Amino acid sequence: MKQLNRIEVKELNDYCHYFRAISFTEKKLLDEAKREFHMISSNFLFYYKVKFSLGEIALQQNEFKNALKYFEQIQNLSISDAYDFDKSSVLHNIGLCYLYINELDKAEEYLFKSASLQERQKDTLLLIGSYIDIANLYYTQYKDIQAIPYFEKAYKLSKKVKSFDLKKTAAKNMAAVEENRKNFQLALVYRKEYETWKDSLNDQNKVWAIADLEKKFAVKQKQKEVDVLAAENKVKVAERNGFIISSALLLVLFGTGVYFYRQKIRNNKIILAQKNELDELNATKDKLFSIVSHDLRSSVNALKTSNGKLMENLESKNFTELDVLLHNNSTIANGAYNLLDNLLNWALLQTQQAYFYQESLHLATIVQHVEYNYKPLMLNANINFKSDVSKTDYVFADMDSLKIIIRNMLDNAIKFSKENGTISIYTRPSSEEFCYLVIEDTGLGMNETTRQELLKETLLLSKKKNDDIIGTGLGMQLCKSLIRKNGGKLEIESEEIVGTKMIIILPKFKNHG
């Protein structure tokens, strides 16, 4: 094509640039392909195909507005012998562009146009993709009732096609739907199906790689045969050097002995380290059981004593004292419930039984869900509350574990705050990689030693000097474990008497523009 390109014929040059661009596209060399496409004149017979290809390249490179410009230029062309393109694909791509630039109404319109056209054409493969994109469009807006039927349609159609990739995606989506419905048994069925198609797809992708390896292995085997013959000739020539070879063999045996001896020492060190770690874990478990049983016994005993006083004041109709006792009972019950809830989540995390699925989460919405349950508690305790969480931040995290983290941090802030104190939850300016959520209180605060202890990577639990305020420490350990599992980290800024800032740093979900 480079040779043909030297001929000064414009139409021939256009064809050369076009075929080179197509070749670069197939090889995923998108920048080179784009450069070749731009060198084609607008008089080229298949210039509409050039625009379509440039649109697809822009879509792959996340240049959604440029992609939209190309697709809109060809969407109104009539399908005929002069323009042989798939209009449903153009409409679908326009819908995706609007989806990614967050113009959801237009995205919905074009995705439905595309799906309608594919239904008439009975194009099952493209229709499955359209149903999945429509479902995701609704799902991102929390319109589960509208999204789920399209996930189900895509899943049913996937049964009729041979594409492992579509089958895998459809099964994964259904698993996520059933998990959100809390139907974990059915979700597990879909998860297993997803893994099956994933393995099948991997096996399919490995076929050519295995064939290539077999070819290389055969070549190596032939080369080995040649090497063996050459070695035999060398051995015949070098028989007189037998003594040297024997000496070298003795050195190899000696080196092997030294190597195995060092390996034995290394293995012993590993076993000793594992034993120490196991002893530490057992000590942690024993200490956990001791602390939890003590706190539960104390809570139940306090509730029993308070109920006795409640009965006495009920008989004497001392309503002022009754109100105090009822609030006290509520506080004790909430504390015991939070302890049991943290214990359950900690146990699930340690035994790796907790379901964990990271996804795009709107941070302000999650915080709003959690703070709703704590506002009455703060009102009863005469604690002022301020919330200023950015509406534009999306994090990549597991929803349930994020709620547990925020809930425990707010619970601790309430415990440490005095009457007429203030609790604030807000976001700091985020970086390209992470979002910063800050939970600040004007409570007791802590010294530098305590702050460093809280940040240590340890499973050991410890009671602090004020057992009436500090619980088992299990909630903080649970929070640190869940933050690490989500790919984030925890920072603490605190000063005694002044207050504490708990800074939760979580990875940002980048696809939200």
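The values are calculated or read from the model by the stated rules, or taken from the named source; none is laboratory data. None of these values were measured; they are calculated from a predicted model. Glycine gets a Cβ as well: all are built from the backbone with ideal geometry, and neighbour counts include every protein chain shown.
Among the residues of region 482-500, write down those that are under 26 Å from the mean Cα position of the chain (by Cα), surrounded by fewer than 18 Cβ atoms within 10 Å (Cβ to Cβ) and touching a residue at least 40 places away in the same chain (Cβ under 8 Å).
Passing the criteria: Lys485, Gly487, Ile492.
From the list Asp212, Asp279, exactly one residue is surrounded by fewer than 11 Cβ atoms within 10 Å (Cβ to Cβ) and modelled with pLDDT under 70. Which is it?
Only one candidate qualifies: Asp212.
Quick one: which of Leu166, Leu186 is in contact with a Ser or Thr (Cβ under 6 Å, 6 or more places away or on another chain) and either under 18 Å from Tyr138 (Cβ atoms) or in a helix (DSSP H, G or I) (or both)?
Being in contact with a Ser or Thr (Cβ under 6 Å, 6 or more places away or on another chain) and either under 18 Å from Tyr138 (Cβ atoms) or in a helix (DSSP H, G or I) (or both) holds for just one of Leu166, Leu186, which is Leu166.
Pick from region 1-33 the residues that are of a type in the set (Phe, Trp, Tyr) and more than 18 Å from Ala58 (Cβ to Cβ): which of them is modelled with the highest pLDDT?
Filtering region 1-33 for residues that are of a type in the set (Phe, Trp, Tyr) and more than 18 Å from Ala58 (Cβ to Cβ), the one modelled with the highest pLDDT comes out as Phe19.
Check Tyr131, Tyr139, Tyr155 and return the single one that is over 13 Å from Ala176 (Cβ atoms) and within 24 Å of the chain's Cα centre (by Cα).
Tyr131
Is it the case, given these coordinates, that Asn202 is surrounded by 12 or more Cβ atoms within 10 Å (Cβ to Cβ), in the same structural domain as Tyr139 (by TED's automatic domain parsing) and either under 22 Å from the mean Cα position of the chain (by Cα) or modelled with pLDDT under 70 (or both)?
no
Does region 144-164 contain any residue that is closer than 26 Å to Glu72 by Cβ, aliphatic (A, V, I, L, M) and either crowded, with 20+ Cβ neighbours inside 10 Å or modelled with pLDDT of 80 or more (or both)?
No.
Could you grab me the full set of residues in region 411-427 that are part of a strand (DSSP E or B) and within 27 Å of the chain's Cα centre (by Cα)?
Listed by number, the residues that qualify are Ile425, Tyr426, Thr427.
Across region 17-43, what is the number of residues that are assigned to a helix (DSSP H, G or I) and of a type in the set (Ser, Thr, Tyr)?
Number of matching residues: 3.
Test Leu125 against the stated conditions and say whether it is surrounded by fewer than 16 Cβ atoms within 10 Å (Cβ to Cβ), of a type outside the set (Ser, Thr, Tyr), out of contact with any His (no Cβ under 8 Å at 6 or more places or on another chain) and at pLDDT below 80.
Criteria met by Leu125.
May I ask you to say which residue of Asn102, Asn62, Asn76, Asn66 is of a type outside the set (Gly, Ala, Ser), free of Cβ contacts under 8 Å to residues at least 24 places away in the same chain and assigned to a loop (DSSP other than H, G, I, E, B)?
None of the other options fit; the residue is Asn76.
Going by what's in this entry, would Glu239 be described as surrounded by 10 or more Cβ atoms within 10 Å (Cβ to Cβ) and at pLDDT below 85?
No: the conditions fail for Glu239.
Hey, among the residues in region 363-392 that are part of a helix (DSSP H, G or I) and crowded, with 21+ Cβ neighbours inside 10 Å, which one's farthest from the chain's Cα centre (by Cα)?
Val367
Would you confirm, using the coordinates I've provided, whether Val395 is in a helix (DSSP H, G or I) and touching a helix residue (DSSP H, G or I) at 6+ places or on another chain (Cβ under 7 Å)?
Against the criterion (in a helix (DSSP H, G or I) and touching a helix residue (DSSP H, G or I) at 6+ places or on another chain (Cβ under 7 Å)), Val395 does not qualify.
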